[in-house]
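Chemist: One structure is given below, represented as structure tokens, and several questions about it will come after.
The values are calculated or read from the model by the stated rules, or taken from the named source; none is laboratory data. Computed from a predicted structure; not experimentally measured. FYI the Cβ positions are ideal-geometry reconstructions off the backbone, even for glycines, and counts take in every protein chain you see.
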Amino acid sequence: MTGRLEDRELASEALVALRRRPRRFTLPNGATVQFPKVAVDGLFEMLEAVAEGDIATVVRSPREVSTQQAATVLNVSRPTVVKLIDAGVLPSRKVGSHRRITLTDLLSYRDDMVARRRAVLDQMSRDAEELGLYD
């Protein structure tokens with residue numbers, strides 16, 4: 001049996017045992033440990049991925065990001081992020097002289113920006129069709 005197939009089988013067995021997603025686990029020494037719900041949910045997702053033969057990794061996400069990190073996420077320059085903050089479009093807080101943006105606010109802004117762009121492109125396509133530019 002290959003390691004990968006063995007891992008898939010072990011993950012499937014663990015999923016069956018954890019199907020009700022317990023938060024309290026008993027260790028081999030008899031001690032009981034309680035896990036946060038989010039940790040159990042993450043474990044469950046990882047086991048599902050392994051059972052299906054996918055690669056599973058854990059990615060930590062910071063609660064706040066710097067203006068440079070925000071610029072990378074938005075695919076804009078750092079000065080553009082600073083302008084968005086100064087205009088009140090993107091909320092932030094100061095830590096010393098540095099600005100920090102919550103990841104939630106940043107991703108919400110990005111999603112709104114993508115939706116606005118998509119709406120404009122859809123309207124442009126409709127306008128082009130009405131003008132017969134696709135004929």
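Chemist: From R23, R100, grab the single residue that is in contact with a strand residue (DSSP E or B) (Cβ under 7 Å, 6 or more places away or on another chain), at pLDDT below 90 and surrounded by 11 or more Cβ atoms within 10 Å (Cβ to Cβ). Quick ask: steps written out before the conclusion?
Modeler: Details: R100 fails: at pLDDT below 90.
The conditions single out R23.
Chemist: Which condition breaks for F25 when tested against (1) closer than 30 Å to D111 by Cβ; (2) part of a strand (DSSP E or B)?
Modeler: All conditions are met except number (1).
Chemist: Scan region 28-45 residue by residue and report those that are part of a strand (DSSP E or B) and among the β-branched types (V, I, T).
Modeler: The first filter runs over region 28-45 and keeps only residues part of a strand (DSSP E or B), leaving 32-34.
Residues satisfying the conditions are T32, V33.
Chemist: Just to be sure, is R78 basic (K, R) and surrounded by 12 or more Cβ atoms within 10 Å (Cβ to Cβ)?
Modeler: Details: basic (K, R): yes; surrounded by 12 or more Cβ atoms within 10 Å (Cβ to Cβ): yes.
Yes: the conditions hold for R78.
Chemist: From the list R100, R60, R93, exactly one residue is touching a helix residue (DSSP H, G or I) at 6+ places or on another chain (Cβ under 9 Å) and basic (K, R). Which is it? Can you show your working first?
Modeler: Working: R60 fails: touching a helix residue (DSSP H, G or I) at 6+ places or on another chain (Cβ under 9 Å); R93 fails: touching a helix residue (DSSP H, G or I) at 6+ places or on another chain (Cβ under 9 Å).
Step by step, each of R100, R60, R93 is checked, and only R100 is touching a helix residue (DSSP H, G or I) at 6+ places or on another chain (Cβ under 9 Å) and basic (K, R).
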